[in-house]
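Below is one structure, written out as structure tokens, with a few remarks after it.
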Amino acid sequence: WFQSGGCGLECGNMNRHSSPSETKIEAEFDGFAGDYDAALNRGLSLTGESKDYFAEGRMRWLKARLEDRGHKAARALDFGCGTGGSSRWFFEVLGVDALTGVDPSEESLEVARRDHEGLNVNFLLPESDSSNGTCDLAFCNGVFHHIPVAEREAAVAHVFRSLRPGGIFAFW
């Protein structure tokens with residue numbers, strides 16, 4: 001857990017005010033965005049569960065942690081949202097009012113927009129995200145190992161810029 005604002009969190013020499021364009025990373029998932037869910041479910045087939053089972057489970061766990069802290073997340077950021085596989089769980093489990101999904105893969109974002117059309121979610125490239133200081137919760141699942149080491153500081157800065165004071169960063 002990381003909490004922004006009055007908790008005294010220091011993140012090295014990270015510049016909270018760097019521009020969103022600094023978080024642009026190579027879109028390595030563009031090539032298989034349309035087939036991502038099938039590939040993921042093939043990999044998960046050994047468990048006997050689907051991707052939704054794990055996505056919902058993470059959100060239920062997160063909901064309990066947020067409730068422990070008395071934290072209600074009305075507005076959230078899904079950093080590295082990919083094709084939006086966690087999007088419905090933000091609404092159904094966490095009860096958010098609005099979600100911003102950010103990913104460097106335009107192909108993945110197109111799939112997310114198509115598959116989650118009825119949700120109050122904006123799927124954006126990092127450089128188009130203007131959620132500075134407006135999010136109660138930033139969520140990131142299985143993303144940072146795909147970000148080149150030299151670009152991780154800018155990615156973390158992007159996440160923390162999105163949070164309002166007292167907002168929480170859930171990092172998986």
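The values are calculated or read from the model by the stated rules, or taken from the named source; none is laboratory data. For clarity, every value in this text was computed on a predicted model and none was experimentally measured. In this analysis, Cβ positions are derived from the backbone assuming ideal geometry, glycine residues included, and neighbour counts consider all displayed protein chains. Calculation scope for accessible area: heavy atoms of the full protein, side chains included, ligands and nucleic acids excluded. Shrake-Rupley method; radii C 1.70, N 1.55, O 1.52, S 1.80 Å.
Output the residue which, of all residues in segment 130-162 that are under 18 Å from Pro104 (Cα atoms) and of a type in the set (S, T, N, Q), is modelled with the highest pLDDT.
First, the residues of segment 130-162 that are under 18 Å from Pro104 (Cα atoms): 130-132, 138-162.
Applying the additional criterion that residues be of a type in the set (S, T, N, Q) yields 130-132, 141, 162.
Numbers: Ser130: 94, Ser131: 92, Asn132: 95, Asn141: 92, Ser162: 98.
Among them, the one singled out is Ser162.
Quick one: Arg114 ticks every box in (1) of a type in the set (D, E, K, R); (2) over 21 Å from Arg88 (Cα atoms); (3) not in a strand (DSSP E or B) except a single one, so which number is it?
(2)
If the requirement is being among the aliphatic types (A, V, I, L, M) and touching a helix residue (DSSP H, G or I) at 6+ places or on another chain (Cβ under 7 Å), which of these qualifies: Val143, Val111, Val156? Walk me through it before giving the result.
Details: Val143 fails: touching a helix residue (DSSP H, G or I) at 6+ places or on another chain (Cβ under 7 Å); Val156 fails: touching a helix residue (DSSP H, G or I) at 6+ places or on another chain (Cβ under 7 Å).
Checking each option against the conditions leaves just Val111.
What is the number of the single condition among (1) under 17 Å from Ala170 (Cβ atoms); (2) in contact with a strand residue (DSSP E or B) (Cβ under 7 Å, 6 or more places away or on another chain) that Gly133 does not meet?
With respect to (1) under 17 Å from Ala170 (Cβ atoms); (2) in contact with a strand residue (DSSP E or B) (Cβ under 7 Å, 6 or more places away or on another chain), Gly133 is out only on (1).
Any residue at all in segment 35-56 that is open to solvent by less than 50 Å² (accessible area, probe 1.4 Å), over 19 Å from Gly166 (Cβ atoms) and at pLDDT 95 or above?
no
Considering every residue within segment 163-172, establish whether at least one is modelled with pLDDT of 95 or more, open to solvent by 20 Å² or more (accessible area, probe 1.4 Å) and at negative phi.
Yes - at least one qualifying residue is present in segment 163-172.
Can you name every residue in segment 127-147 that is within 11 Å of the chain's Cα centre (by Cα) and surrounded by 18 or more Cβ atoms within 10 Å (Cβ to Cβ)?
Residues satisfying the conditions are Leu137, Ala138, Phe139, Cys140, Asn141, Val143.
Considering only residues that are open to solvent by less than 20 Å² (accessible area, probe 1.4 Å), farther than 16 Å from Gly167 by Cβ and of a type in the set (Phe, Trp, Tyr), which ones fall in segment 77-121?
Result: Trp89, single match.
May I ask you to say which residue of Ala150, Ala157 is open to solvent by less than 20 Å² (accessible area, probe 1.4 Å) and either in a helix (DSSP H, G or I) or of a type in the set (Asp, Glu) (or both)? Walk me through it before giving the result.
Numbers: Ala150 fails: open to solvent by less than 20 Å² (accessible area, probe 1.4 Å).
Going through Ala150, Ala157 in turn, the sole match is Ala157.
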